[in-house]
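This report refers to the structure that appears directly beneath it.
The values are calculated or read from the model by the stated rules, or taken from the named source; none is laboratory data. Keep in mind that what you see is a predicted model, and the values were worked out from it rather than measured. Methodologically, a virtual Cβ is constructed for each residue, glycine included, from the backbone with ideal geometry; neighbour enumeration extends over all protein chains shown. Heads up: the accessible areas ignore ligands, DNA and RNA and are worked out on the full protein's heavy atoms, side chains in. Shrake-Rupley method; radii C 1.70, N 1.55, O 1.52, S 1.80 Å.
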Amino acid sequence: MTNDILTQLTQVLQTGDATAVSDLTKLAIDQSIGTKIILDDGLIAGMNIVGERFKKHEIFLPDLLFSAKAFYAGLEHLKPLLLKEKIASPGKVVIGTVQGDQHDIGKNLVGIMLEGAGFEVVDLGKDVSPEQFVDAAVETNADVIGMSALLTTTMPVMKKVIDLATERKIKDQFKYIVGGAPLSDKFAKEIGADAYCFDTVSAVECVKGFVKGK
Amino acid sequence: MRPKLKFLDDELIHKITNEAYELLENVGIEIHNKSVISLLTDHGAKLSSDGKRVFLSHDLIQKALDSTPSSFKLYDTNGNETADLGGYNVHYTPGSCAIYFLDSESDEPRHAKTSDYLRYAKLMRKMEYIATQSTAFITNDVAEQISDSYRLYLSLLHCEKPIVTGAFTDNGFEVMKNLQLAVRGSAEALASKPVSVFSACPTAPLKWSDISSQNVVDCANAGIPVEFVAMPLTGFVAPITLTGTLVQHTVETLSGLVISQLTKPGAPVLWGGSPAVFDIRYETTPMGDIGTMMIDCGYNEIGKHFKIPTQAYIGLSDAKHLDAQAGFETSMGATLAALAGINNISGAGMLDFENLFSLEKLVLDNQICGMTHRMLKGIEPKEDFPSKSLFEELISEGHLLIADHTRKHIHDEIHFPSAVIDRANRSRYREEGGVTLKQRARKEIEQHIAEEMDECLTPEIRKELENIMLTEAKKNGMDSLPKII
Ligand code: B1M
């Protein structure tokens, strides 16, 4: 029975049917299937399949967004229980486009994908200063700071964020991912970031790698 | 007859523009710049209760439209008229601002150096079908913070053609303005003979950022022409339909026009853009998509309806190398744009979603532009009626190779491309080494660059430009500017 409900949950998640996901999550809670099990083996397992299919170009962005919406419809029912049972989210990412840069389309997509993969995302928007990044990461107890830049003139701000964290002696509390068309692996290494991500899928994989075994 | 292309009938243009007026009046525009908001509200625009959205009435828009010039001219660094932007005139410009440069030897993208930019600028002097230059790519041998102004500095120093460019930041704008003032000598001279066009981009949907809206104001005040570059992306941050995207483009561009004209009535502008069909499969903004090109041509018709000169990022490709895709996407775009009468067509040399610049492609694209220029001259009768004597000559001689009629008209009727375009039969092609397009393009590049060319600008102006740039470089941690060899 437990398996049936969870399997159904992963299936309806893939079709993006928010009502069905919401109903099945409620049913799973009523059946006293553990909160963490519903989250991991139902909702996140379903989104992992969606993520894999997206990566293989079998489904496209809108399909993924439908599934992410459905995921949230289920998560809403689990949230109070997760809080009550003190179950930590799989990981928290503070994300933003750096100061002086208005390009937020890529960053928004990365945020959506991370949420879809079950991570908590604190989106600081665009034109975000180093102080705002670091303060928000501290305040929200984030695992990862994610920065986006599309302009060559704004790339140096990424280094300033990492330098500020170093200055405050909290650099190692977070992992740092960076993305955007002008960046590269080499640049990420030079500024002391942990990874350069060239698209949404690589961003999700990086964050997954960083919070594994947390 | 000049051949013309149209996608929209008058009824649809009216529907689109009326819808845009409705949206501007009732949904409004989000503006992130306090002084721009004040400028608009001082002229009667309404403000939302949260102070973020500005609503523009039809009257205010009409006032802006009434003061917008229907054409303007660009002048080279020596003050000679180069491009008349208006009516159905067509001028080409290279694509702008690439982050990477396609290495000739390895055929791989890399960061460009000052020496690459000098080759580009020199080459641009010889691209006879591309009227204006652009700050085509950035170099990474200077501090990132000055990467926008440094391109303009190099362009002004090494190629006389007027420049399509843009600032990345407020500070960038000041430096770039000062460089132009140094070339012209005074603010009045710069305003009366503009040497550049600056892009200013609204953010989809229906937004103007602090920096970009400030750019519009600063350009209007300095008399520097602006190209509005709205980028609605269909089905993503704009409606999926081409018509809906055109409505959004109209709203975003009209709002820029109002900011510019209220700042300074009569400020020169281009009704431009770089919209794209968003490819949901790859998360990219393809410039070579046919839908993208149709939107470009469509908004050009709306610009023409308002009697405003137009611009588009069209005639470029998303391919990563100089391959068949690069050729077909570029020529398709350049041909459609020319037929549509887009006044300033930006794209030559550009690959990979406006991210990668190639000199080989620039040389090929110059040929594409040349062919479209021929096409625009159309099919005109020239001593073709009556034709009896010409045919009698043909029959008696067996050919018209040396006929007076041929000698008189050969060069205005027939467009001969350069040797970049393969026209040899197979035997001759083999005999000449069987060289590929890329090799032919490279040969042409080297030939042009090896030519002796006069220095641009006087030594005094060159020195002044160098001083301005060096001051900026020093502010950003550099001791000196890269050596110009
Ligand atoms: C945290 O972890 C991560 C992980 C992965 C991450 C990540 C973060 N962030 C991104 N990724 C990665 O995953 C995403 C999904 O696959 C990807 O994100 P992308 O952002 O790459 O991809 C998006 C899904 C789609 N792509 C995009 O959205 C960017 C497309 C292009 C055409 C582009 C757009 C759309 C815009 N622009 Co601008 N713009 C260009 C762009 C050229 C290009 N093809 O990249 C670029 C970046 N722009 C440029 C310029 C010059 C400018 N733009 C400007 C403005 C704009 C718009 C506002 C009109 C608009 C942005 C709208 C918005 N809300 O974001 C101006 C900037 C003002 C400012 N201070 O920011 C202005 C300065 C133009 C001007 N003179 O006004 C050029 C930069 C040149 C340079 N050398 O730096 C440019 C390459 C185009 C060009 N050739 O001119 C990956 O990079």
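Given the conditions (1) within 12 Å of the ligand (Cβ to nearest atom); (2) under 20 Å from B:GLN133 (Cβ atoms); (3) outside any loop (DSSP other than H, G, I, E, B), which single one is not true for B:MET287? If we test B:MET287 against (1) within 12 Å of the ligand (Cβ to nearest atom); (2) under 20 Å from B:GLN133 (Cβ atoms); (3) outside any loop (DSSP other than H, G, I, E, B), just (3) comes out false.
Looking at A:VAL128, A:VAL110, just one residue is within 14 Å of another protein chain (Cβ to nearest Cβ), more than 8 Å from the ligand (Cβ to nearest atom) and surrounded by 20 or more Cβ atoms within 10 Å (Cβ to Cβ), and that residue is A:VAL128.
Can you tell which of B:GLY398, B:GLY433, B:GLY477 is touching a residue at least 12 places away in the same chain (Cβ under 8 Å) and open to solvent by 40 Å² or more (accessible area, probe 1.4 Å)? Step by step, each of B:GLY398, B:GLY433, B:GLY477 is checked, and only B:GLY477 is touching a residue at least 12 places away in the same chain (Cβ under 8 Å) and open to solvent by 40 Å² or more (accessible area, probe 1.4 Å).
Can you go through B:ALA143, B:ALA136 and tell me which one is under 22 Å from B:ILE211 (Cα atoms) and modelled with pLDDT under 95? Can you show your working first?
On the way: B:ALA136 fails: modelled with pLDDT under 95.
Being under 22 Å from B:ILE211 (Cα atoms) and modelled with pLDDT under 95 holds for just one of B:ALA143, B:ALA136, which is B:ALA143.
Residues in the stretch A:178-203 that are assigned to a helix (DSSP H, G or I), of a type in the set (A, V, I, L, M) and more than 9 Å from the ligand (Cβ to nearest atom): A:ALA188, A:ILE191.
Here are B:ASP107, B:ASP170, B:ASP141, B:ASP116: which of them is open to solvent by 10 Å² or more (accessible area, probe 1.4 Å), assigned by TED's automatic domain parsing to the domain that holds B:GLU81, over 17 Å from the mean Cα position of the chain (by Cα) and on the phi > 0 side of the Ramachandran plot?
Values: B:ASP170 fails: on the phi > 0 side of the Ramachandran plot; B:ASP141 fails: on the phi > 0 side of the Ramachandran plot; B:ASP116 fails: on the phi > 0 side of the Ramachandran plot.
After applying the criteria, what remains is B:ASP107.
One residue stands out among those in the stretch B:89-104 that are within 16 Å of the ligand (Cβ to nearest atom), not in a strand (DSSP E or B) and not hydroxyl-bearing (Ser, Thr, Tyr): the one that is least open to solvent (accessible area, probe 1.4 Å), which is B:GLY95. Here B:TYR153 meets each of (1) crowded, with 24+ Cβ neighbours inside 10 Å; (2) near the ligand (Cβ under 10 Å from one of its atoms); (3) part of a helix (DSSP H, G or I) with one exception, condition (2).
Taking the stretch B:174-226 as the region of interest, how many residues are part of a strand (DSSP E or B) and either open to solvent by 10 Å² or more (accessible area, probe 1.4 Å) or within 14 Å of another protein chain (Cβ to nearest Cβ) (or both)? Outline the logic, then answer.
At the first step, the residues of the stretch B:174-226 found to be part of a strand (DSSP E or B) are B:196-200, B:203, B:207-208, B:226.
Next cut, either open to solvent by 10 Å² or more (accessible area, probe 1.4 Å) or within 14 Å of another protein chain (Cβ to nearest Cβ) (or both) only: B:199-200, B:203, B:207-208.
The number of residues fulfilling the criteria is 5.
Please go through the stretch A:159-177 and give me each residue that is within 16 Å of the ligand (Cβ to nearest atom), part of a helix (DSSP H, G or I) and touching a Gly at 6+ places or on another chain (Cβ under 9 Å), ordered by number. Let's see the steps before the verdict.
Of the residues in the stretch A:159-177, the ones within 16 Å of the ligand (Cβ to nearest atom) are A:159-162, A:165, A:174-177.
Within this subset, residues satisfying the condition of being part of a helix (DSSP H, G or I) are A:159-162, A:165.
Within the stretch A:159-177, A:LYS159, A:ILE162 qualify.
With respect to the conditions (1) open to solvent by less than 30 Å² (accessible area, probe 1.4 Å); (2) more than 14 Å from chain B (Cβ to nearest Cβ); (3) farther than 19 Å from A:SER22 by Cβ, A:LEU78 lacks only one, and its number is (3).
Name every residue in the stretch B:229-250 that is over 22 Å from B:SER196 (Cα atoms) and within 14 Å of the ligand (Cβ to nearest atom), in order of residue number. Scanning the stretch B:229-250 gives B:PRO232, B:LEU233, B:THR234, B:GLY235, B:PHE236, B:VAL237, B:ALA238, B:THR245, B:GLN248, B:HIS249.
Kindly indicate whether A:LYS169 is within 14 Å of chain B (Cβ to nearest Cβ) and over 26 Å from A:SER67 (Cβ atoms). Steps first, please.
Working: within 14 Å of chain B (Cβ to nearest Cβ): no; over 26 Å from A:SER67 (Cβ atoms): yes.
Taking the combined requirement at face value, the residue does not satisfy it.
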